[in-house]
Amino acid sequence: MSSAVTSYIELTARERLARLFDEGSFEEFLPPSARVVSPHLGQLDAPVAFDDGVAVGRAQLKGQPVFCAAQEGGFMGGAVGEVHGAKLTGLLRRAVRESAAAVVLLLESGGVRLHEANAGLIAVSEVMRALLDARAAGIPVVALVGGSNGCFGGMGIVARCANAVVMSEEGRLAMSGPEVIETASGVEEFDSRDRALVWRTTGGKHRYLMGDCQAIVPDTVQAFRDAAIAAIAHSSAAGVELSLAALEAEQALLGERITRFGGCADPLDAWRELGIPDPAAVPMMEAEAFSALAARYTRGAA
């Protein structure tokens, strides 16, 4: 099936790597045959994966040498443990050593594994540091978010450390997942069973309108590929390294967002505040119609 019509969300991590990058170009580091597994899961009689739920390596993207990683949502929801995080960190550090043209991260994760809480948290912090080191070395990092498990917890922070985030409407991005918010603050604060509310709050359309992602695409491999190529080119031209001025601008934008939208009880209220005349119609819009609308009302990159 052509990548132009192949659904991104329905593919496994390795299928995404095989179809998104130039055909036959993906070379995996530490493949399953190496059997590098979590040292913690076995002690808890939990299942292990021979790649610890993430595939990392190098590939070609429109002829450019890039480093890439794809989290496997089918294994513990893509959750990060010690080995999983170490593979991502090692990939980013190797990208710097070998002067890669870019790093593309195919993220799908519920956050840190509860089985490996402290080790997983440390691992995520190391990934963030390595990502920023890559940017400091002049290597653009692009995060793609379109998996069924979304991108939450520590990996949600990692995504926002990248130069650009590309999402589909079906993708979700947030710090805390719906179930976590409900557990901590009660169903009155956030009903995780209300799927429409969950997608309005964490889905690609809302993140794009709020400026948390730089591109929203249809759920096809080709659309993600084209957006990744464009994001790398734009990041390279605009400047890769995160500057103090950019951080200050982002902080000012976030402060303004709290002032303007802090009283909104639902994303529909925020969309109305943006000036969108019929917020209730946004969730049902096709990608082309939504992009035309967003061009008038988007807040720009945070």
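Which members of segment 230-243 meet the condition of being at pLDDT 95 or above, small (Gly, Ala, Ser) and open to solvent by less than 50 Å² (accessible area, probe 1.4 Å)?
Ala231
For segment 187-209, which residues satisfy the criterion of being farther than 20 Å from Val166 by Cβ and either of a type in the set (Phe, Trp, Tyr) or open to solvent by less than 20 Å² (accessible area, probe 1.4 Å) (or both)?
Phe190, Ser192, Val198
Select from segment 131-143 the residues that are more than 16 Å from the chain's Cα centre (by Cα) and among the small types (Gly, Ala, Ser) and write down the one among them that is least open to solvent (accessible area, probe 1.4 Å).
My answer is Ala134.
Looking at segment 244-258, I want the residues that are in contact (Cβ under 8 Å) with a residue 12 or more places away in the chain and have a partner that is open to solvent by less than 90 Å² (accessible area, probe 1.4 Å) with Cβ atoms under 6 Å, at least 6 apart or on another chain. Which pairs are those?
Note: pairs meeting the criteria are Glu250/Ala302; Leu253/Ala302.
Pull up segment 37-63, narrow it to residues that are over 21 Å from the mean Cα position of the chain (by Cα) and surrounded by 15 or more Cβ atoms within 10 Å (Cβ to Cβ), then point me to the one that is farthest from Arg19 (Cα to Cα).
Step by step, filter segment 37-63, then rank; the result is His40.
For residues that are touching a helix residue (DSSP H, G or I) at 6+ places or on another chain (Cβ under 9 Å) and of a type in the set (Val, Ile, Thr), scanning just segment 243-302, find the one that is farthest from Arg160 (Cα to Cα).
Result: Ile276.
Which of the residues that make up segment 244-271 are closer than 17 Å to Thr202 by Cα and open to solvent by 80 Å² or more (accessible area, probe 1.4 Å)?
Across segment 244-271, the qualifying residues are Ile258, Ala265.
The values are calculated or read from the model by the stated rules, or taken from the named source; none is laboratory data. Source: prediction; values computed, not measured. For neighbour counting, all protein chains shown are included, and Cβ atoms are generated from backbone atoms with ideal geometry for every residue, glycine included. Accessible surface is based on the protein model in full, side chains and every heavy atom, while ligands, DNA and RNA are left aside. Shrake-Rupley method; radii C 1.70, N 1.55, O 1.52, S 1.80 Å.
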